[in-house]
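The next block holds one structure in the form of structure tokens; read it before the comments.
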Amino acid sequence: MQLVKWAHDLAESLLADSLPRRWAHSQRVYSQALTLAPALGEDAELLAAAAIVHDIGYAGAAVDTGQHMIDGARYLRDVVGADPQLCSIVAFHTSSSWEASELGLEGALTEFGPAEPELVDAITYCDLTSSPAGDLADPAERLSEVLERYGPEHVVFRAVSAARPELMARVARVRRRAEVVEAKLN
């Protein structure tokens with residue numbers, strides 16, 4: 001759990017004061033990651049750490065390209081020397097690939113690949129089940145909220161619109177995996 005404490009302290013230092021809603025959201029994403037621990041086994045700690053830092057790319061100190069997933073991963077790699085797998089999860093979370101394509105940043109995203117599909121599924125599930133204010137959220141409603149917040153002219157709207165079927169498929173895969181593990185435990 002040393003990795004998780006380090007990640008928590010880093011995210012708190014970057015988000016808590018300057019971006020309190022982003023910090024609340026990140027804390028919920030982290031708590032959602034903890035619920036997946038039985039299904040993730042040895043990857044549970046890595047996912048928990050990625051969950052709490054997944055949005056640090058919004059912090060002023062991390063902004064570079066304007067694509068928060070890449071910016072957060074670069075900050076983790078270049079500034080704090082984080083584990084490459086942690087950087088990869090942050091780089092590829094949720095709609096990152098689609099946003100990178102919209103922005104012409106596919107090359108920047110490949111700095112962190114290939115991504116581990118099960119961990120990208122898991123971080124996406126955690127992100128989409130967490131509201132911007134840090135409450136639990138229904139993934140379909142969360143995606144609708146994102147689309148409404150950004151509007152049709154924004155890159156995030158276009159990326160999320162294109163990614164939506166795959167994002168919902170990721171959520172479904174995580175739920176199935178968690179159900180199988182839970183059934184085995186009971």
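The values are calculated or read from the model by the stated rules, or taken from the named source; none is laboratory data. Everything numeric here is computed off the predicted structure, so don't read it as measured data. Counting neighbours? That spans all protein chains shown, and the Cβs are built from the backbone with ideal geometry, glycine included. To get the accessible areas, we keep the full protein, side chains included, count just its heavy atoms, and leave off ligands, DNA and RNA. Shrake-Rupley method; radii C 1.70, N 1.55, O 1.52, S 1.80 Å.
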query = Within segment 124-145, is there a residue that is more than 20 Å from Val29 (Cβ to Cβ), out of contact with any helix residue (DSSP H, G or I) (no Cβ under 9 Å at 6 or more places or on another chain) and either charged (D, E, K, R) or open to solvent by less than 50 Å² (accessible area, probe 1.4 Å) (or both)?
reply = no
The one condition Ser101 fails out of (1) open to solvent by 60 Å² or more (accessible area, probe 1.4 Å); (2) not acidic (Asp, Glu); (3) not in a helix (DSSP H, G or I) is (3)
Considering segment 146-186, residues that are under 20 Å from Gly66 (Cα atoms) and of a type in the set (Lys, Arg), and then whichever is least open to solvent (accessible area, probe 1.4 Å), we arrive at Arg158
When you look at Arg74, is it touching a Pro at 6+ places or on another chain (Cβ under 9 Å) and either among the hydroxyl-bearing types (Ser, Thr, Tyr) or farther than 25 Å from Ala169 by Cα (or both), yes or no? no
If we keep only residues of segment 146-173 that are touching an Asp or Glu at 6+ places or on another chain (Cβ under 7 Å) and not β-branched (Val, Ile, Thr), then the residue farthest from Gln27 (Cα to Cα) is Arg158
Going through segment 46-64 in order, the residues found to be in contact with a Ser or Thr (Cβ under 7 Å, 6 or more places away or on another chain) and free of Cβ contacts under 8 Å to residues at least 60 places away in the same chain are Ile52, Asp55, Ala59, Gly60
Take Leu105 and decide whether it is modelled with pLDDT of 95 or more and closer than 24 Å to Thr129 by Cβ. no
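Can you name the residue in segment 84-98 that is assigned to a loop (DSSP other than H, G, I, E, B) and touching a residue at least 60 places away in the same chain (Cβ under 8 Å) and, of all such residues, is surrounded by the most Cβ atoms within 10 Å (Cβ to Cβ)?
Filtering segment 84-98 for residues that are assigned to a loop (DSSP other than H, G, I, E, B) and touching a residue at least 60 places away in the same chain (Cβ under 8 Å), the one surrounded by the most Cβ atoms within 10 Å (Cβ to Cβ) comes out as Ser95.
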Within segment 121-162, the count of residues that are under 27 Å from Pro20 (Cβ atoms), of a type outside the set (D, E, K, R) and assigned to a helix (DSSP H, G or I) comes to 18
Does Leu109 satisfy the condition of being of a type in the set (A, V, I, L, M) and either assigned to a loop (DSSP other than H, G, I, E, B) or in contact (Cβ under 8 Å) with a residue 60 or more places away in the chain (or both)? no
Cβ pairs under 7 Å, 6+ apart or interchain, first in segment 166-186 and assigned to a helix (DSSP H, G or I), second modelled with pLDDT under 95 and surrounded by 15 or more Cβ atoms within 10 Å (Cβ to Cβ), ordered by first then second residue, are Arg177/Ala39; Ala178/Ala39; Val181/Ala39
Checking Arg22, Arg28 in turn, the sole residue that is over 21 Å from His154 (Cα atoms), open to solvent by 10 Å² or more (accessible area, probe 1.4 Å) and touching a residue at least 12 places away in the same chain (Cβ under 8 Å) turns out to be Arg28
